[in-house]
């Protein structure tokens, strides 16, 4: 739901921070889902969400109510997630091997057990998501998991529509290729 | 028979294709494309079904509690509405000048009549006249909005800029109406402000269905009729409730 922050801020004698609190209430879970898909880690996603809101708070006076808060927040959360991943790589070099760990943990043969089978799909997708480039991951996560139109993603990423589409196509192709041994879809 | 590429079918899956209806027809008769589309759908659905960790119903409260101590002590700046455009402050300033001029003329009229301060009725008339002009601009926006081409996705960026500009002016009049105890006029301006904000805050591009939903809200409010009645009342010197 879109919030009319201008109305709330302008017309009501709000206690300090209340207006921004509305923004947090309305967007926390959505941003968590984006951050989680970007980082692949729950704790990192929590940190990214908090960092996103802190950055948003500092630039709140630059938010234009006539504009789209989803573009504004998605731009911050995706940049925060990318920064976070880069910092994490520097901080914990072993995380560089995360995708390889996934790959080792996953057998290429489908298992008969359903939960194990689901777990394999999940591990494969998460491992492949981690391998995508920053732009591919951002475009794909915003389109596929947050349901944002490509036009809006282009605005969020400050990129041409054609470039966003190509990033999504590449991401889909890589993710489908990773699923092939398990789901066996036709290519 | 020409076949669709994987990329075109991916866009179709995301409902982002410009040729959605054609692809749908094609899929009904082409086994090969239907098979490729089915595989894309199967894979992307599997990816979309990936579970998320449970956050709990009070997740936003947890986030707030984590960030609140780290927020700056400085007061939160109220979002400066549309401050990136110089046109809006100009429009608001022009409106203010108009109101002040109207009140001054009314005052002078009052002075000439009896040398007394502004008569309440004259002040009200001055406000009504100024607001009528604002209503006319708003009506033009709503009429143009209703006439947008609804055959495919609708670009709202033009109407949104006009709506955003009118919001600032509207606030000024609403506050003036409140100040002078014009509660009916204030209510009408409040209704208009909500509609203008709905348009200004909508996505830049919406589907015909979303447009119909948005426009039906405007129609249900009867706003166009109310504004026209108010204008007629202002011309005849009556209050909104009398109209």
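Numerical summary
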{"quantity": "Residues residue A:161 and residue B:178, FRET efficiency given R0 of 45 Å [Cβ-Cβ distance, rounded to 0.05]", "calculated": "0.50"}
{"quantity": "Residue-averaged beta-carbon neighbours from other chains (10 angstrom radius) around B:11-24", "calculated": "2"}
{"quantity": "Shielding score for B:44-56, defined as the mean number of other chain Cβ atoms within 10 Å", "calculated": "6"}
{"quantity": "B:228, B:174 arranged by Cβ crowding within 10 Å, fewest neighbours leading", "calculated": "B:228, B:174"}
{"quantity": "Value of Rg to Rh for the range A:120-177 (Rh from inverse mean 1/r over Cα pairs, i.e. Kirkwood)", "calculated": "0.98"}
{"quantity": "Computed FRET value (nearest 0.05) for residue B:59 with residue B:235, which takes r as the C-beta separation and R₀ as 51 Å", "calculated": "0.40"}
{"quantity": "Whole-angstrom gap from the range B:126-152 to the range B:44-68, using each part's C-alpha centre", "calculated": "42"}
{"quantity": "Average beta carbon contacts from partner chains per residue of B:198-205, 10 Å cutoff", "calculated": "5"}
{"quantity": "Sites residue B:29 and residue B:151 - FRET efficiency at Förster radius 22 Å, r taken between beta-carbons, to 0.05", "calculated": "0.30"}
{"quantity": "Cα gyration tensor shape of the range B:6-48, rounded if a/c is under 1.5, else prolate or oblate by comparing a/b with b/c", "calculated": "oblate"}
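Read-outs: derived from the displayed coordinates by stated rules, not from any lab. This structure is a prediction, so every number in the text was calculated from the model and none was measured. Here Cβ is always computed from backbone atoms with ideal geometry, including for glycine, and neighbour counts include all displayed protein chains.
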